[in-house]
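The values are calculated or read from the model by the stated rules, or taken from the named source; none is laboratory data. This is a predicted model, so every value here is computed, not measured. Neighbour counts run over all protein chains shown; Cβ positions are idealised from the backbone, glycine included.
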Amino acid sequence: MKKRKVRYALKETLKYGIIILVAFFMLYPLIWIVGASFNEGAKGSVLFWPEKFTLEGWSKAFKAPGWGSVEGYSLFRALWNTLQIVIPQVLFMTFTTLITAYVVSRFRFKGRKIVFALIIGTLLMPNTIFRIPMYAFWKSALIAPLWENSTLPFMPYLPLWAGSLFAVNSFSVFMYIQFFRSIPRDLDEAAVLDGANRMQVLFHVLMPILKPVVITVALLLFISAYNDYQGPLIYLGSAETYPLSLVLPMLKVDSTNSYASVYARSILSVLILIIVFFSAQKYFVGNEADTAIKG
Amino acid sequence: MVGEKKWLPYVLLIPWLIGFLLFKLYPFINSFIMSLFEEKGRNVVFVGLEHYKTLFNPNLWEGQQFLNSLKVTFIYVFITVPLILVVSLLVAQILAQKIKGVGFFRTAFYIPTLLGANVGIVFLWRYIFETDGLINHFLALFGVERVPFLGRPAGAMASIILLRVWQFGSTMLIFLNALKNVPETLYEAAMIDGANKFQRFRHITLPMITPIILFNGVMRLIECFQAFNGPNLITQGGPENSTRVINLLIYETAFKSGNLNLGSAMSWILFIIIMLFTILIFRSSRYWVYYQD
């Protein structure tokens, strides 16, 4: 009996030991960066704690335009530019992909199977194949005046979010479809018998059940749009339109920029991402997995 | 359903249909057409499969570049994808057991996925691998001499692979969910038959989650074949082209040098390679994927 107890304790320690060690190594680079943003001079040591404490990095980061050697770039301007890509992308895509998934999962109509097959087919298509012709399309003489050099908000970023009006994100559609599968159809049918139309069924009857997956889809879209780098790199020409993902790599450690200030700005630029993630997290972690594959 | 309007689903699908035609089908076909042409001065000339021949000709500079990128991409993909699968399955396996603070660990393991794709963090990765960076500080504790990781082909490759493997969070969450759906009764039956822990994992857990391994494997494969941020921001393809993955070469050819036609040919080759591997994996799945129903 005693032997078993010891073995059990040993196994538990090993289990927690491994998992804590892995978590530690994964998070350490991020923790280290936070420490290094308070460290004066060089890059700091392997320790998280700064050798010579300074607030210089952070005070610089908050001053707008706060980019030191990269003159004229304000962090907050870049953040607003990022949001001009993120906001339409999240708002429209969450909605249009929901409608598409609703139709494919809950309506019986001719061609349903073809639509479903095309959605799964495009899910497996690498984005690289679409990129060059779409660039040629947006840059063509007919289309370019619509968005290039536009002074309206959101419009200079049109090529980066226009697809969201048309449910082009197959992965979002797929996640919704998988979730719809787990909701019994009786619910829809009962509501229709009570006199609700199909749109009322979606927005009044199913919406409360769909809430976690809607938030999950919106959050995943937020993360990918916020982090998007290749899209802005290809389409955005003038420096005033640069989002965070284009401004940050221009930050280099030099005579006016200490390591601390570079780290502080990087941390500041992902802060919104962290805040949004943690406020939606209770719906999210696990849900992505729950909905990604079922059945 | 009763009294349903027959046209309603079609009307609701109009946005998706426009999206499919304009953002998927049109560029898909057009990128192939573009790959058959070449800009000569102000004219666009039909050249047939000439670009493809160039790309596979090791005697031409473009061919050398392209074949090298193919090799580099294969190395990257076939180390990264298995590593992600193994690491995320192992961590998921531990988290699937009764463990305190599962919620905390799930979040902790997801944070690198959340931040790892962000440019702000990606380019800090450079400082971590630098000769004077965190990793070398750490190795110095054990008396190891400083290694210029980013200055050596293998070290540069390792740093971009690590950056990607670090972001195993979403793959792990999908595995974790699958592990929890394995019926407890199967394990109980196996324990009665005297199966030990490893045997239970090998003969129950693994077969039961093969559909998920297939899903995760295919999704990660498609994604890793198109890696871009790490190679562009950390190593810039170097040293000596050792991390110039194909998507980076396509970017440089099409958007930096402005040769959209040659870039399209490269995209098509990448597309065909990805399709071949996807088909191969799905074909082979009948031998190793276990479906319950």
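Observations
- Checking each residue in segment B:223-248 for being assigned to a helix (DSSP H, G or I), touching a residue at least 12 places away in the same chain (Cβ under 8 Å) and within 11 Å of chain A (Cβ to nearest Cβ) picks out B:C224, B:N229, B:G230, B:N232, B:L233, B:I234, B:I246, B:N247, B:L248.
- Flag if B:M208 is within 30 Å of B:K98 (Cα to Cα) and out of contact with any Phe, Trp or Tyr (no Cβ under 6 Å at 6 or more places or on another chain): yes
- Candidates are the residues of segment A:49-58 that are surrounded by 13 or more Cβ atoms within 10 Å (Cβ to Cβ) and outside any loop (DSSP other than H, G, I, E, B); the one that is modelled with the highest pLDDT is A:W58.
- Scanning segment A:194-237 for residues that are outside any helix (DSSP H, G or I) and out of contact with any helix residue (DSSP H, G or I) (no Cβ under 8 Å at 6 or more places or on another chain), we see that the one that is surrounded by the most Cβ atoms within 10 Å (Cβ to Cβ) is A:N197.
- Check on B:N241, out of contact with any Pro (no Cβ under 6 Å at 6 or more places or on another chain) and under 15 Å from B:G155 (Cα atoms): yes
- B:I99, sole failed condition from (1) β-branched (V, I, T); (2) more than 9 Å from chain A (Cβ to nearest Cβ); (3) over 22 Å from B:I269 (Cα atoms): (2)
- Among (1) surrounded by fewer than 21 Cβ atoms within 10 Å (Cβ to Cβ); (2) within 10 Å of chain A (Cβ to nearest Cβ); (3) within 29 Å of B:P231 (Cβ to Cβ) - the single one B:P153 does not satisfy: (2)
- Candidates B:I18, B:I84, B:I14 - the one that is within 21 Å of B:I222 (Cβ to Cβ), of a type in the set (A, V, I, L, M, F, W, C) and modelled with pLDDT of 95 or more: B:I84
For every residue, the table says whether it meets (1) facing another protein chain (nearest Cβ under 9 Å); (2) free of Cβ contacts under 8 Å to residues at least 40 places away in the same chain.
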residue	(1), (2)
A:P126	yes, yes
A:Y135	yes, no
A:A141	no, yes
A:P145	no, yes
A:P156	no, no
A:M175	no, no
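- Candidate set from segment B:252-293 (those that are in contact with a helix residue (DSSP H, G or I) (Cβ under 8 Å, 6 or more places away or on another chain) and among the hydroxyl-bearing types (S, T, Y)); member that is modelled with the lowest pLDDT: B:Y291
- Of all residues in segment B:182-216, those being within 9 Å of another protein chain (Cβ to nearest Cβ) and either assigned to a loop (DSSP other than H, G, I, E, B) or over 18 Å from B:T113 (Cβ atoms) (or both) number 1.
- In summary, helices (runs of 4 or more DSSP H) completely within segment A:75-146 and bearing 3 or more residues that are of a type in the set (S, T, N, Q), touching a Ser or Thr at 6+ places or on another chain (Cβ under 9 Å) and buried (at least 16 other Cβ atoms within 10 Å of the Cβ) occur at A:75-106.
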